[in-house]
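Structure, as structure tokens:
The values are calculated or read from the model by the stated rules, or taken from the named source; none is laboratory data. Everything numeric here is computed off the predicted structure, so don't read it as measured data. Using ideal geometry, Cβ is built from the backbone for each residue, glycine included, and neighbour counts are taken over all protein chains shown. Areas reflect the complete protein model, heavy atoms only, side chains present, ligands, DNA and RNA absent. Shrake-Rupley method; radii C 1.70, N 1.55, O 1.52, S 1.80 Å.
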Amino acid sequence: MGNGALAELRTLLGNDSVLSADADTETYLIDQLRNYRGRALAVVLPRSTEQVVAIVGWCREHRVAIVPQGGNTGYCGGATPDESGRELVLALQRMNRVRAVSAADFSMTVEAGCVLARVQQAAAEAGRFFPLSLGSQGSCQIGGNLATNAGGVNVLRYGMTRDLVLGVEAVLPDGSIYNGLSALRKDNTGYNLGSLLIGSEGTLAVITAATLKLWPQMRSTATAFVAVTSAQAAIELLGMLRTQVGDRLNSFEYLPRSAVQLACEQFDSLQDPFESPYDSYLLIEISSAGLEDLDDLLQTALTSDSASELILDAVLATSERQRQAFWHLREKVPEAQRRAGGSLKYDVSVQVSQLPAFLAQVSEWVTANVPDGFLVCYGHAGDGNLHCNISQRPDAPLAGFLAREPAIKRRVHDMVKEFGGSISAEHGIGQQKVEELERYASPVKLELMRRLKHTIDPLGIMNPGKVLRS
Ligand SMILES: Cc1cc2nc3c(=O)[nH]c(=O)nc-3n(C[C@H](O)[C@H](O)[C@H](O)COP(=O)(O)OP(=O)(O)OC[C@H]3O[C@@H](n4cnc5c(N)ncnc54)[C@H](O)[C@@H]3O)c2cc1C
């Protein structure tokens, strides 16, 4: 690739939209968690859908692969280019306009580069609520959320990102614009192409905008930190709460003692909500658009005779500050793991009812087979989604612990398969799990995915090597 081709790109986009000096591209070539690093021909920063069309046209002509990048917070290396130095990173950060908010339609249309926290804020300014909520919401972008079909802490009530989207605008690898933006709630006119792009991790198209569903703003919230007798008790309590508080139940997060202890040890600002340690905890949140006494509702539900048998201790947040403190404890677990040393992470799901048995089996296996590590298996229990992580013991050598990764991964993923679960519940495949997908997905599914990829992207220029082997 000669300098002339890059000069062409500069003429198309303007000099300040094509970065090629090492100092300028550095942060785009490594993911936020510093697990993946690549090289790139350049990083381009388009300002509009038309500029994305121009970039895709240039890439087709020069047979250059495109790596779309949002907030770069993904866990699977999907937004990191390979090491060839021949790929182009297309970062959407400048396409960050809120195009429209329609309070009447309970919808909003935003550009892909809008940071999730800004989307939530724009909805709130219109008296509406956008429920997608992740620990990375200050950095991740709505385009990245669509591309990964992100989950988060409100999936139990509102579903994954796919359930929150009415329409998608995207630039396809042939340079055409697919304009599916629409606030229509019902539209059964053929295949749902927007839905196909959601979760495609940049391998089918560059998502440039989306029309999102909004909900009434929540006016009442109640949050509790609860110690339960076991994971089985947690799932029984979930069923009980769902029948008692109905769809007010937003979040039902599970934390074992190991997670709470690690977070409190690593961050002075965090406090164990209880004086005594317990094996299993839940962070439960309910909310309502109406003005209701939800503290009373949650307290009544948690103190009912049948709930009392499952609960060892519980504390209701009496202020917004205390509520935030509960959530910080939950959200700081991944960072606490990082600070404490090496960790191996598996984002898996099983059917909710199978969660206690799965947890028991993983725990038994780790205790017996990973003497230099301990289990920190926590997460969105209401959806059966656990971040099944194993942390290095402080006194164990890191190299030996990390060397066990292939065997640990195989056993954890095999167990997930035996339980009929998923080896990637909410983080996607990226470059991290391509072989795992090949191993565990059905041949029919894989073949259909390959055919779809080839039909939409026959030149293979969209994020090659991610999700599917190129
Ligand atoms: C602290 C922390 C907490 C997290 N919590 C959660 C959680 O609870 N639930 C969850 O699901 N995830 C979570 N994540 C993971 C991550 O934030 C999500 O996967 C998020 O959706 C990624 O968005 P992004 O904008 O950072 O995308 P990136 O990391 O930039 O990209 C992710 C993938 O999407 C593609 N992509 C990005 N933008 C576009 C676009 N416009 N068009 C086409 N393809 C695109 C990329 O090529 C890549 O394959 C967390 C991450 C961190 C660091």
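Of all the accessible heavy-atom surface of the range 1-151, with the other protein chains kept in place and a 1.4 Å probe, what percent is carbon and sulfur?
46
If you take the beta carbon distance between PHE274 and ARG219 as r and set R0 to 30 Å, what does 1/(1 + (r/R0)^6) give as a FRET efficiency, to the nearest 0.05? Let's see the in-between values first.
Numbers: r = 29 Å, r/R0 = 0.98.
Computed FRET efficiency for PHE274 and ARG219: 0.55.
Report, in whole Å, the centroid distance computed from the Cα atoms of the range 212-279 and the range 172-193.
Here the two parts' Cα centres lie 38 Å apart.
Once amide H atoms are built 1.01 Å from N in the peptide plane, which residues 5 or more positions from GLY167, or in another chain, come under 5 Å H to H?
Residues meeting the amide H criterion: SER182, THR211.
Rounded to the nearest 10 degrees, what's the angle between the helix 405-418 long axis and the longest principal axis of the chain, both from Cα atoms, 0 to 90?
Orientation of helix 405-418: about 70 degrees from the principal axis.
Between ARG63 and ARG99, what is the spin-label point distance in nm, taking each point 7 Å from the Cα along the Cα→C-beta axis?
Taking the two extended label points, one gets 3.4 nm.
Among DSSP bridges having both ends in the range 1-127, what percentage is antiparallel? Round to the nearest 5.
Of all bridge pairs located within the range 1-127, approximately 50 percent are antiparallel.
Solvent-accessible area per residue for the chain at a 1.4 Å probe radius, Å²?
Ligands and nucleic acids excluded, the figure is 43 Å² per residue.
What is the distance in Å between the Cα centres of the range 391-436 and the range 66-96?
Cα centroid to Cα centroid, the span is 24 Å.
Taking the Cα centre as origin and putting +1 on Lys and Arg beta-carbons and -1 on Asp and Glu beta-carbons, what dipole magnitude results for the chain, to the nearest 20 debye?
That gives a dipole near 1240 debye.
Assuming 0.36 nm per residue, please report the length gained on full extension of the stretch SER470 to SER353 beyond their Cα-Cα distance.
On the way: separation 117, 0.36 × 117 = 42.12 nm, distance 3.74 nm.
Using 0.36 nm per residue and subtracting the Cα-Cα distance, I get 38.4 nm.
Can you spot the lysines whose alpha carbon is less than 18 Å from LYS417's alpha carbon? Ignore those fewer than 8 places along the same chain.
LYS345, LYS409, LYS433, LYS445
For the range 1-125, what is the Kirkwood hydrodynamic radius in Å, using each pair of distinct C-alpha atoms?
Result for the range 1-125 stands at 15.5 Å.
Would you mind checking the tilt of helix 320-331 against the longest principal axis of the Cα atoms of the chain, expressed as 0 to 90 degrees and rounded to 10?
Approximately 70 degrees, to the nearest ten.
What distance in nm separates the simple spin-label points at GLU265 and ARG39, each placed 7 Å from Cα in the Cβ direction?
For GLU265 paired with ARG39, the spin-label model returns 4.1 nm.
Can you list, largest first and rounded to whole Å, the semi-axes you get for the chain by taking the square root of 5 times each eigenvalue of its Cα gyration tensor?
Ellipsoid semi-axes (Å, largest first): 38, 27, 20.
Compute the angle between helix 3-13 and the longest alpha-carbon principal axis of the chain, please, reported from 0 to 90 degrees and rounded to the nearest 10.
The angle comes out near 70 degrees.
For labels at ASP296 and GLU320 in the simple 7 Å Cα→Cβ model, what's the distance in nm?
In this crude spin-label approximation the distance works out to 2.3 nm.
In whole angstrom, how long is each semi-axis of the equivalent ellipsoid of the range 8-54, when you take the square root of 5 times every eigenvalue of its Cα gyration tensor and sort them from largest down? List each step's numbers first, then the result.
On the way: eigenvalues 103, 29, 12 Å².
Square roots of five times the eigenvalues give 23, 12, 8 Å.
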